[in-house]
Amino acid sequence: MQEDTTLVWLGLFGAGGHAREMVESALRVAEQTPGLAPDRVVLVDRAGSGPVSGVAVLSEQEFASRPGRRLFVTAVGDGRLRRKLDAAARATGAEPVSVIDPSARVSPDAVVRAGALISPFALISAGAVVGEGFQANYYAHVSHDCRIGDWVTLGPKAGVNGHVEIGDNVTIGAGAIIRNGGPDRPLRIGRDAVIGMGAVVIADVPEGATVMGNPARVRPNS
């Protein structure tokens, strides 16, 4: 029997705090997606459990066995874990999608690659390009002409000003601010860097470094 591709599921991988915060956003996306009914928006966790935030929680195996088209987004804070969950879900034939809350603002000139999770009131501005598995929490913003790598995480109210380049797997803590670069000299954050909560970054950050404070300084042994 041929599979019914008009039947659509949306799985949010993770059942923790951020996944629960994004359930309402996912339900709003469901309203705009043909074939995706609200009762087929689910959380996906390794073991599965009873309902959370009013939606079913399926195990990874249960989600993989659902008939029809399976869409998913990874809704955990750790970028490296998101990457692993993404690869495992794709291996079962599920398709990565972005969940963008209707209250968020994404410029028509911006590029948002698959698997992004954009929280309420976040902003992706003109000319910005953000990579796969990107997360922008509440009120976070990415300003014009930024280039953001894959599996990057912005905490609540984190701000990335214009002409900034950020490598893969970077985590930017809540309330941190990244100063703008310029068209000929962007400010660069190296891959795997961690920007502490409330940090004010005014200079390039090396790969793998952890920076904290105002102005942000590299933490020893990072």
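Miscellaneous remarks
- Amide H contacts under 5 Å for Leu123, placed H, 5+ residues apart: Arg105, Ala140, His141, Val142
- Overall form of the range 1-72 per C-alpha gyration tensor (a/c, 1.5; a/b vs b/c): oblate
- Shape category assigned to the range 108-222 from the gyration tensor of Cα positions, a/c cut at 1.5: prolate
- Of the residues Leu117, Gly11, Ile172, the one whose Cα sits farthest towards the positive end of the charge dipole of the chain is Ile172 (charges of +1 on Lys and Arg Cβ, -1 on Asp and Glu Cβ, taken about the Cα centre).
- Taking amide H atoms as placed 1.01 Å from N in the peptide plane, the amide H of Ile189 lies under 5 Å from those of Glu165, Ile166, Gly167, Val205, each 5 or more residues away in sequence or on another chain.
- Here the calculated FRET efficiency for Arg185 and Arg105, from their Cβ-Cβ distance with R0 = 25 Å, stands at 0.35, rounded to the nearest 0.05.
- Taking a ≥ b ≥ c as the square roots of the eigenvalues of the Cα gyration tensor, the range 130-193 is oblate, since a/c reaches 1.5 or more and a/b is not larger than b/c.
- Here the range 109-207 is assigned +1 on the Cβ of each Lys and Arg and -1 on the Cβ of each Asp and Glu. Its dipole about the Cα centre then comes out at about 240 debye.
- Between the amide H of Val55 and any residue lying 5 or more places away or on another chain, no distance stays under 5 Å, with hydrogens modeled in the peptide plane.
- Qualifying chymotrypsin sites (Phe, Trp or Tyr not before Pro) for the range 4-69 [loop in DSSP, other Cβ within 10 Å: at most 12]: none
- Isotropic mean projected area of the C-alpha convex hull, the chain (nm²): 12.4
- Mean-square fluctuations from a GNM of the chain, with a 10 angstrom spring cutoff on Cα atoms, peak among Glu95, Glu207, Glu62 at Glu62.
- Helical contribution to [θ] at 222 nm, DSSP H n ≥ 4, -39,500 (n - 2.57), averaged over the chain, rounded to 500: -4000 deg cm²/dmol
- Over the range 95-151, accessible surface divided per residue gives 37 Å², non-protein components excluded, 1.4 Å probe.
- Farthest positive-ward along the range 19-131 dipole, Cα basis, beta-carbon charges - from Ala26, Val52, Ala75: Ala75
- The share of alpha-carbon pairs in the range 67-176 lying farther apart than 17 Å comes to 48%.
- With Cα atoms, 0 to 90° folded angle of helix 79-91 axis to the chain main axis: 30
- Sulfur and carbon atoms: percent of accessible area, the range 39-160 [1.4 Å]: 53
- Sequence ranges 150-162, 26-38, ranked by mean other-Cβ count within 10 angstrom, highest first: 150-162, 26-38
- Total charge dipole magnitude, the chain, about the Cα centre, Cβ charges on Lys, Arg, Asp, Glu only, Debye to nearest 20: 440
- Restricting attention to the chain, close to 10% of DSSP beta bridges with both partner residues there are antiparallel.
- About the Cα centre, charge dipole magnitude for the range 78-150 (Lys/Arg +1, Asp/Glu -1 at Cβ), debye: 200
- Computed from label points 7 Å out along Cα-Cβ, the spacing between Ile202 and Asp39 is 5.8 nm.
The values are calculated or read from the model by the stated rules, or taken from the named source; none is laboratory data. No experiment lies behind these values; they were computed from the predicted model shown. We place every Cβ from the backbone using ideal geometry, glycine too, and count neighbours over all the protein chains shown. For the accessible areas, the whole protein counts, side chains as well, though only heavy atoms, and no ligand, DNA or RNA atoms are used. Shrake-Rupley method; radii C 1.70, N 1.55, O 1.52, S 1.80 Å.
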